[in-house]
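First comes the structure, then the notes that go with it.
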Amino acid sequence: MTRALVFAAIAVAALAGVNCSPAGGDIFPLSVGSVWNMDVVLMAGTAAAALDTMQTGTAVSTAVDKANLATGPEVIKFRNDVTVRILMPDTTYTMTTYAYYREDGDWILSYADLDDSIGDTVMVTSPSVGKTWHQGTSTVEVIGQEDVSVPAGTFKNAWKVKLTTNTAMEMFYWFVGGTGMVKLHYEFTDMGYTQVYDQSLTSATIK
């Protein structure tokens, strides 16, 4: 893994709330007009006890419209607007990306564009402990349920999902039924250099 700072631009469906319990509903909502806001922080350093904040930012994900893949299936178009502030040197930049999602049986599939005929599996519609699948070259597993606290509130019994890359790096996601992803966390150390990344829900409107 390179020492270059990595800023993940991932913003997936989530619902604001305080002391929330799962309400049933979709684990990955696909409702046009919904908007999700998340804060992102990247810390790094040569010792875990002395990490410095290197980047901060926001990620806003909006389900903007329905569309159809070139092969026919209907998808939901998501716009992701990310603002990143790099602290050393002090620089801010923004970027906008698009992705397309649809539910296909037991799975949520993502597509890079409307000409993408294969897609990739990003989530299972009905999580259960031990459920596994592949996302690109990574392996994903549902490892359990636990309470998780983010700026939007505390979510009870969120599903914790682990993604392991082909380089053995692990990333953890927390999903809540009827809400979507409420947190993303990863950390790794390479040759004494550590990075810790957190993306947490701050607020959202689900249509």
**Q.** Any hit, the range 89-96, residues being touching a Phe, Trp or Tyr at 6+ places or on another chain (Cβ under 8 Å) and either assigned to a strand (DSSP E or B) or of a type in the set (D, E, K, R) (or both)
**A.** no
Q: Select the strands (runs of 3 or more DSSP E) contained entirely in the range 101-154, then report the ones holding at least 1 residues which are within 16 Å of the chain's Cα centre (by Cα) and surrounded by 16 or more Cβ atoms within 10 Å (Cβ to Cβ).
A: 107-111, 120-124, 138-150
Q | Unmet requirement for residue 162, which otherwise passes all of (1) modelled with pLDDT of 95 or more; (2) loosely packed, with under 15 Cβ neighbours inside 10 Å | A | (2)
Q) For the range 15-42, how many residues meet the condition of being at pLDDT below 95, under 19 Å from residue 57 (Cβ atoms) and not small (Gly, Ala, Ser)? A) 2
Q. Among the residues of the range 32-42, is any buried (at least 18 other Cβ atoms within 10 Å of the Cβ) and part of a loop (DSSP other than H, G, I, E, B)?
A. yes
Q: Name the residue, out of 202, 167, that is of a type in the set (Ser, Thr, Tyr), in a loop (DSSP other than H, G, I, E, B) and surrounded by fewer than 21 Cβ atoms within 10 Å (Cβ to Cβ).
A: 167
Q: Being under 29 Å from residue 189 (Cβ atoms) and without any contact (Cβ under 8 Å) to a residue 24 or more places away in the chain narrows it down to one of 130, 119, so name that one.
A: 130
Q) Is it true that residue 194 is surrounded by 15 or more Cβ atoms within 10 Å (Cβ to Cβ) and touching a helix residue (DSSP H, G or I) at 6+ places or on another chain (Cβ under 6 Å)? A) yes
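The values are calculated or read from the model by the stated rules, or taken from the named source; none is laboratory data. This one's a predicted model, so the numbers in the text were calculated from it and none came from an experiment. Quick reminder, even Gly has a Cβ in these numbers, built from the backbone with ideal geometry, and neighbours come from all protein chains shown.
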